[in-house]
Amino acid sequence: MTRKVKIAVFASGSGSNFAALEEACKNGELNAEIVLMVTNKPEAYAVERAKKAGIPALVFRPKEFESKDAYEVAILNALRESGAEWLVLAGYMRLIGPVLLSAYPSKIINIHPSLLPSFPGKDAIGQAVGHGVKVTGVTVHLVDAGMDTGPILAQYAVDVVDGDAEKTAQAIHAVEHYLYKDTLSELFSR
Ligand code: GAR
């Protein structure tokens, strides 16, 4: 078995993707170790999940910093201390700025609940259902300075269920939880 890749997971919400990645690291499906969970939301359930899994969770409140650069420098210091080699965004609802992009070139990955470039940004599933599309999906991509842009690594189509956002979200999340670990596993073995 080769050395485990050290990853930091960024999350702002419920953290179900964080949990799926943590499970995949634990059972060996993903040859990686989550060394840090970073969030901008102290109330995010992802923080509870990290605590239960024994993974350090750090909260950085953007408003407490004088600029986006200062916010990201603080995160970068923690990342360096943790030894993180890749940044894995799992429902992190902030744009990554130049500080982190230049510190981790081509080493930041994101998952998004649509077939990009359709429906970037917030509430991608609601956007898809609102437009009446019959098929949406999941995209895993390298992060650049844009909103849910950057080279696409993997995509998987998911049918919209009964024109219903809640039911479609369930189907999307189920796909996310295996597509993310499989894509990262392939990427880390290159
Ligand atoms: C996921 O559906 C993820 O694709 C999405 O946030 C959700 C987080 O769920 N990310 C984006 O929309 C990024 N633009 P989780 O907190 O249960 O993992």
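The values are calculated or read from the model by the stated rules, or taken from the named source; none is laboratory data. All figures in this text were calculated on a predicted structure; none of them were measured in a lab. All Cβ positions, even for glycine, are placed from backbone atoms using ideal geometry, and neighbour counts span all protein chains on display. Remember, those area values only see protein heavy atoms, side chains included, never the ligands or the DNA or RNA. Shrake-Rupley method; radii C 1.70, N 1.55, O 1.52, S 1.80 Å.
Restricting to region 174-190, count the residues that are surrounded by 15 or more Cβ atoms within 10 Å (Cβ to Cβ) and of a type in the set (Asp, Glu).
2
Among (1) open to solvent by less than 50 Å² (accessible area, probe 1.4 Å); (2) within 15 Å of the ligand (Cβ to nearest atom), there is one condition Ser14 misses while meeting the rest; what is its number?
Of (1) open to solvent by less than 50 Å² (accessible area, probe 1.4 Å); (2) within 15 Å of the ligand (Cβ to nearest atom), only one is false for Ser14: (1).
Say we look at region 130-157 and pick out the residues that are crowded, with 22+ Cβ neighbours inside 10 Å and aliphatic (A, V, I, L, M); which of these is farthest from Thr183 (Cα to Cα)?
Restricting to residues being crowded, with 22+ Cβ neighbours inside 10 Å and aliphatic (A, V, I, L, M), the top hit is Val143.
Of everything in region 17-66, what is in a strand (DSSP E or B) and not hydroxyl-bearing (Ser, Thr, Tyr)? Give them in sequence order.
Result: Ala32, Glu33, Ile34, Val35, Leu36, Met37, Val38, Ala57, Leu58, Val59.
Specify the residue that is most open to solvent (accessible area, probe 1.4 Å); the eligible residues are those in region 18-39 that are within 13 Å of the ligand (Cβ to nearest atom) and farther than 17 Å from Ala84 by Cβ.
Across region 18-39, the extreme among qualifying residues is Glu23.
Tell me the residue from Lys181, Lys122, Lys167, Lys107 that is of a type in the set (Lys, Arg) and in contact (Cβ under 8 Å) with a residue 40 or more places away in the chain, please. Let's see the steps before the verdict.
Numbers: Lys122 fails: in contact (Cβ under 8 Å) with a residue 40 or more places away in the chain; Lys167 fails: in contact (Cβ under 8 Å) with a residue 40 or more places away in the chain; Lys107 fails: in contact (Cβ under 8 Å) with a residue 40 or more places away in the chain.
It is Lys181.
Can you tell me which residue within region 158-173, out of those that are open to solvent by 60 Å² or more (accessible area, probe 1.4 Å) and of a type outside the set (D, E, K, R), is farthest from Ile108 (Cα to Cα)?
Gln170
Output the number of the condition that Asp123 fails; it satisfies all remaining conditions of (1) under 18 Å from the mean Cα position of the chain (by Cα); (2) closer than 30 Å to Val160 by Cβ; (3) surrounded by 16 or more Cβ atoms within 10 Å (Cβ to Cβ).
Single failed check for Asp123: (3).
Go through region 154-185 residue by residue and tally those that are out of contact with any strand residue (DSSP E or B) (no Cβ under 7 Å at 6 or more places or on another chain) and small (Gly, Ala, Ser).
5
Could you list, in sequence order, all residues of region 173-190 that are within 11 Å of the ligand (Cβ to nearest atom) and touching a helix residue (DSSP H, G or I) at 6+ places or on another chain (Cβ under 7 Å)?
His173, Glu176, His177, Tyr180
When the residues of region 43-55 are narrowed to those that are over 17 Å from the mean Cα position of the chain (by Cα) and under 19 Å from Ile75 (Cα atoms), which ends up farthest from the ligand (Cβ to nearest atom)?
If we take residues in region 43-55 being over 17 Å from the mean Cα position of the chain (by Cα) and under 19 Å from Ile75 (Cα atoms), then Lys51 is farthest from the ligand (Cβ to nearest atom).
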